[in-house]
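Structure record follows, encoded as structure tokens.
The values are calculated or read from the model by the stated rules, or taken from the named source; none is laboratory data. Computed from a predicted structure; not experimentally measured. Using ideal geometry, Cβ is built from the backbone for each residue, glycine included, and neighbour counts are taken over all protein chains shown.
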Ligand code: NAP
């Protein structure tokens with residue numbers, strides 16, 4: 001299926017590894033030129049090279065912390081016309097509800113709510129002028145089903161979700177389609193470190209920890225960055241004109257509900 005986005009340009013934030021990389025690869029496979037970003041230059045350059053080699057698209061790599069004003073300025077300076085924005089950044093650390101102070105919330109809000117909002121504000125006006133744009137915000141399954149120890153993430157992402165719900169409906173009439181993509185467990189470095197934590201906590205082997213984790217999902221396994229990227233690319237496609245301000249959960253059915 002040709003998604004109708006060949007020749008467009010996407011900014012995919014936090015994309016040297018994991019879900020962001022999966023999205024960048026899937027868009028490149030559709031002929032989309034890219035601006036990719038991460039803090040670490042080595043992994044970022046390696047990913048840029050791999051994408052160019054696999055798909056022959058133009059890739060601009062900008063090493064910067066997307067959650068800072070300076071980092072965003074550096075990324076935006078490297079961007080020409082951006083048709084597709086995929087918002088992503090690292091998630092806030094786990095913890096316990098009475099321990100989080102104002103500074104912890106401010107940091108989480110900066111990373112996972114105010115950064116995507118700043119990039120939307122910077123890039124959506126150009127999309128509106130040109131009459132076509134797509135925005136996908138990578139949030140988390142924790143928006144629908146809270147994870148206690150990730151209270152900073154639950155809070156900041158809920159704030160972004162509220163902003164997107166209202167904004168998506170104000171820009172869709174101008175050709176800009178904005179939605180959120182909610183990952184459940186996917187096999188990335190982040191999950192590897194959580195598996196290590198389970199092994200340590202429960203005194204079990206890696207195989208046992210992985211088997212336990214997989215058994216907890218109705219599919220019997222967790223998602224991959226490739227699965228995630230494919231859905232993201234579809235949400236950035238020319239076919240997605242009437243899906244507005246939605247929260248698309250990609251979790252292998254882990255969220256147990258009949259509807260919603
Ligand atoms: P990951 O494998 O750890 O990859 C994170 C990527 O983001 C790396 O390329 C990293 O590169 C980059 N990055 C992190 N912080 C950055 C920053 N401040 N500025 C620029 N780049 C940054 O993580 P992931 O599993 O793909 O997760 C992506 C997002 O989805 C996170 O917000 C995570 O909380 C959320 N999520 C993931 C899962 C899951 O199962 N994987 C589930 C729910 C939610 P550098 O370190 O070099 O910057």
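Of note:
- Among the residues listed as 73, 28, 24, 63, the single one being over 11 Å from residue 10 (Cα atoms) and in contact (Cβ under 8 Å) with a residue 12 or more places away in the chain: 63
- Residue match in the stretch 130-144 (condition: crowded, with 17+ Cβ neighbours inside 10 Å, more than 11 Å from the ligand (Cβ to nearest atom), in contact (Cβ under 8 Å) with a residue 12 or more places away in the chain and assigned to a helix (DSSP H, G or I)): no
- Output for the stretch 170-217, where each listed residue is assigned to a loop (DSSP other than H, G, I, E, B), surrounded by fewer than 16 Cβ atoms within 10 Å (Cβ to Cβ) and within 25 Å of the chain's Cα centre (by Cα): 175, 216
- Condition check for residue 176: under 16 Å from residue 19 (Cα atoms), in contact with a strand residue (DSSP E or B) (Cβ under 6 Å, 6 or more places away or on another chain), away from the ligand (no atom under 14 Å from the Cβ) and in contact (Cβ under 8 Å) with a residue 24 or more places away in the chain: no
- The criterion of being under 26 Å from residue 117 (Cβ atoms), at pLDDT 95 or above and either outside any loop (DSSP other than H, G, I, E, B) or more than 8 Å from the ligand (Cβ to nearest atom) (or both) does not hold for residue 3.
- For the stretch 1-28, a residue qualifies if it is within 12 Å of the chain's Cα centre (by Cα), surrounded by 24 or more Cβ atoms within 10 Å (Cβ to Cβ) and farther than 13 Å from residue 231 by Cβ, and the qualifying residues are 11, 12, 13, 14, 15, 20, 21, 24.
- Selection count where residues are in contact with a strand residue (DSSP E or B) (Cβ under 8 Å, 6 or more places away or on another chain) and surrounded by 21 or more Cβ atoms within 10 Å (Cβ to Cβ), scope the stretch 151-168: 3
- Restricting attention to the stretch 15-58, the residues that are assigned to a loop (DSSP other than H, G, I, E, B), within 11 Å of the ligand (Cβ to nearest atom) and either closer than 20 Å to residue 239 by Cβ or out of contact with any strand residue (DSSP E or B) (no Cβ under 6 Å at 6 or more places or on another chain) (or both) add up to 3.
- When residues of the stretch 218-237 are limited to those that are part of a loop (DSSP other than H, G, I, E, B) and within 22 Å of residue 8 (Cβ to Cβ), the one farthest from the ligand (Cβ to nearest atom): 237
- Of all residues in the stretch 63-97, exactly one satisfies the criterion of being more than 22 Å from residue 127 (Cα to Cα), part of a helix (DSSP H, G or I) and away from the ligand (no atom under 13 Å from the Cβ), namely 97.
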